[in-house]
Structures are given as structure tokens and as C-alpha cells.
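Trainee: First, the structure itself, so that you have it in front of you.
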Amino acid sequence: MINPGTAPIEGARLDLAEANLEVFLTEVSRRAAEMDEVPVRRRVAHLAGDPVRDPQADRDGRFGWDLPLSDGRVVRLLMPGADLAALRDDITAQAPCLYVNGIACWWTGAVDSVAGEGLTLR
């Protein structure tokens with residue numbers, strides 16, 4: 001049995017994954033700013049620098065990037081090479097998942113996961 005959203009993506013394209021990554025990082029930045037407003041949390045690291053493409057990480061129609069953090073850690077992201085609407089707007093179990101550090105997440109969960117990197121409790 002294949003878990004919902006994790007099936008290989010037919011006809012995946014790198015150019016779609018690159019466009020999706022740009023939108024994704026914009027949403028991560030917005031969400032991180034919201035998370036920073038919570039008084040019981042403080043940010044000890046943030047995304048720093050440009051994503052680094054890693055073709056060795058590509059699998060099943062998902063394209064790999066390393067997202068560097070200011071503390072030297074890296075978040076591994078596998079972005080589907082599918083239409084943005086299929087990733088972000090489809091609320092069915094067939095929506096393709098992204099992978100964040102090896103964990104399958106739908107779009108909003110992936111945004112929250114990356115935005116939450118570097119947060120700790122006060």
C-alpha cells in the first residue's frame with residue numbers, strides 16, 4: 001500500500017519544481033514571521049542563503065534542495081515537479097507530498113515544518 005500523496009509523480013518537471021520552490025520559500029518566510037510573534041518562542045536559527053540544488057536527492061518526481069540555516073544545519077527538501085495548484089490547493093489525499101528531512105508532508109505542513117526550524121521555547 002502506498003501512503004496518500006507519496007506516489008511517484010508522472011511527467012514531473014524540474015522547471016515546475018523550481019517555480020514551486022520560489023512560492024514555497026515566500027510562504028515559509030511569511031509563516032516564520034507569524035511564528036516569531038508567539039511570546040513563548042524564540043528563534044535561534046533562520047533560513048540563510050540560497051537553496052542548493054542536489055540532483056542526487058531526486059526521486060519519484062520530486063527534486064532535491066538543501067535549505068541552509070544560519071546555525072550551519074541544513075533542511076533537505078524534495079519538491080514535486082507538478083503544478084502548484086496540485087500541491088497547494090488540492091485538499092484530497094491525492095495531492096503530491098513534499099518531503100522535509102525525509103518526512104512526507106502536504107504543502108501547509110511542509111511550510112510549517114520549515115518555518116519552525118530554528119525555533120525554541122523561551
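Readers should treat all values here as calculations from the given coordinates under stated rules, not as data from a laboratory. Computed from a predicted structure; not experimentally measured. Virtual Cβ from ideal backbone geometry, glycine too; neighbours counted across all protein chains shown.
Trainee: It is to be established whether one or more residues within region 53-73 are of a type in the set (A, V, I, L, M) and loosely packed, with under 15 Cβ neighbours inside 10 Å.
Mentor: The answer is no; no qualifying residue exists.
Trainee: Quick one: which of VAL100, VAL111 is closer than 14 Å to THR6 by Cα, β-branched (Val, Ile, Thr) and surrounded by 14 or more Cβ atoms within 10 Å (Cβ to Cβ)?
Mentor: That would be VAL100, the only listed residue that is closer than 14 Å to THR6 by Cα, β-branched (Val, Ile, Thr) and surrounded by 14 or more Cβ atoms within 10 Å (Cβ to Cβ).
Trainee: Got a number for residues in region 63-102 being touching a strand residue (DSSP E or B) at 6+ places or on another chain (Cβ under 9 Å) and in a helix (DSSP H, G or I)?
Mentor: So the answer is 2.
Trainee: Please tell me if ARG53 is in contact with a strand residue (DSSP E or B) (Cβ under 8 Å, 6 or more places away or on another chain) and of a type in the set (D, E, K, R).
Mentor: yes
Trainee: If you go through region 28-49, how many residues are surrounded by fewer than 18 Cβ atoms within 10 Å (Cβ to Cβ) and either among the β-branched types (Val, Ile, Thr) or closer than 24 Å to ASP83 by Cβ (or both)?
Mentor: 6
Yes or no, residue by residue, for (1) part of a strand (DSSP E or B); (2) surrounded by 20 or more Cβ atoms within 10 Å (Cβ to Cβ); (3) not β-branched (Val, Ile, Thr):
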| residue | (1), (2), (3) |
| --- | --- |
| GLU18 | no, no, yes |
| GLU22 | no, no, yes |
| THR26 | no, no, no |
| ALA104 | yes, no, yes |
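Trainee: Confirm whether GLU10 is within 30 Å of LEU121 (Cβ to Cβ), in contact (Cβ under 8 Å) with a residue 12 or more places away in the chain and among the charged types (D, E, K, R).
Mentor: In short, no.
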